[in-house]
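Worksheet for the structure shown next.
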């Protein structure tokens, strides 16, 4: 009888464990990432998948082109337009920092570059769900913001969204999409280089990389005395290029 009781207890315990595991999986279903071809009613998952490629492309372009999607004052370097962060046309005079609000300009440029894609992805989201028998209603306004932080670029989107099917409605409003990148750190170093060149006509990049070995800084001096700094994160292998011209000899 004792053996039978023990077997019964083990069977009951096994059933309880299996039930708990099943419950955990059920509770986690909302966290499953968006898979193309699968109906996804959560706008964050759909938008994240839809925007990902273009946002990555824009971040890489900003890195290679000195912080800007469309540089205005730039130096061609390896077939790429590299923006001048510090510039003086004449000789011997220190350069002038052209972008004292550099990080803000980067955020603003990324925001503007992705705004049309955000609208298109909302249209795709609505069309996809309507084909599955859902009703989707949007608020008129779309607000978006790009912010830079250590190790990440954030895209915040705010829009009223209501998804309805079979009389049941779900409301959504804001979402945050995260892109892992060293853009914030590399832009901060670029700003230090521009300030150093403006003040001293020089930036001690060898000393900097000795203090911060997680970064590599290379400098190429062009025929017109322009210096192109390439700042590389060894962790992410991302590279930011910037152009500097000042204190140039005759």
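Tally time: how many residues in the stretch 152-165 are within 19 Å of residue 51 (Cα to Cα) and either in a loop (DSSP other than H, G, I, E, B) or touching a residue at least 24 places away in the same chain (Cβ under 8 Å) (or both)?
Within the stretch 152-165, residues that are within 19 Å of residue 51 (Cα to Cα) and either in a loop (DSSP other than H, G, I, E, B) or touching a residue at least 24 places away in the same chain (Cβ under 8 Å) (or both) number 7.
Please find, among 148, 129, the residue that is assigned to a strand (DSSP E or B) and either outside the structural domain of residue 54 (by TED's automatic domain parsing) or surrounded by 14 or more Cβ atoms within 10 Å (Cβ to Cβ) (or both).
On inspection, the qualifying residue turns out to be 148.
Taking residue 100 as meeting all but one of (1) crowded, with 22+ Cβ neighbours inside 10 Å; (2) touching a helix residue (DSSP H, G or I) at 6+ places or on another chain (Cβ under 9 Å), write down the number of the exception.
Status for residue 100: all satisfied but (1).
For the structure I just gave you, tell me whether residue 81 is under 20 Å from residue 150 (Cα atoms), at pLDDT 95 or above and not in a loop (DSSP other than H, G, I, E, B).
Criteria not met by residue 81.
Do you know which residues across the stretch 56-76 are in a strand (DSSP E or B) and farther than 20 Å from residue 183 by Cα?
Result: 75, 76.
In a loop (DSSP other than H, G, I, E, B), within 28 Å of residue 188 (Cα to Cα) and without any contact (Cβ under 8 Å) to a residue 40 or more places away in the chain: does that describe residue 100?
When the stated conditions are applied, residue 100 passes them.
What are the pairs with Cβ atoms under 9 angstrom where one residue, in the stretch 136-150, is without any contact (Cβ under 8 Å) to a residue 40 or more places away in the chain and the other, located anywhere, is in a loop (DSSP other than H, G, I, E, B)? Sequence gap at least six, or different chains.
Note: pairs meeting the criteria are 150/182.
What is the number of the single condition among (1) under 30 Å from residue 222 (Cβ atoms); (2) in a helix (DSSP H, G or I) that residue 121 does not meet?
Here residue 121 meets the rest and fails (1).
Considering only residues that are buried (at least 20 other Cβ atoms within 10 Å of the Cβ) and touching a helix residue (DSSP H, G or I) at 6+ places or on another chain (Cβ under 8 Å), which ones fall in the stretch 70-96?
Correct list: 82, 85, 86, 95.
Quick check, is residue 110 free of Cβ contacts under 8 Å to residues at least 24 places away in the same chain, within 27 Å of residue 73 (Cα to Cα) and either surrounded by fewer than 16 Cβ atoms within 10 Å (Cβ to Cβ) or touching a strand residue (DSSP E or B) at 6+ places or on another chain (Cβ under 6 Å) (or both)?
The answer is no for residue 110.
The values are calculated or read from the model by the stated rules, or taken from the named source; none is laboratory data. What you see is a predicted model; the values in this text were computed from it and never measured. All Cβ positions, glycine included, derive from the backbone under ideal geometry; neighbour counts span all protein chains shown.
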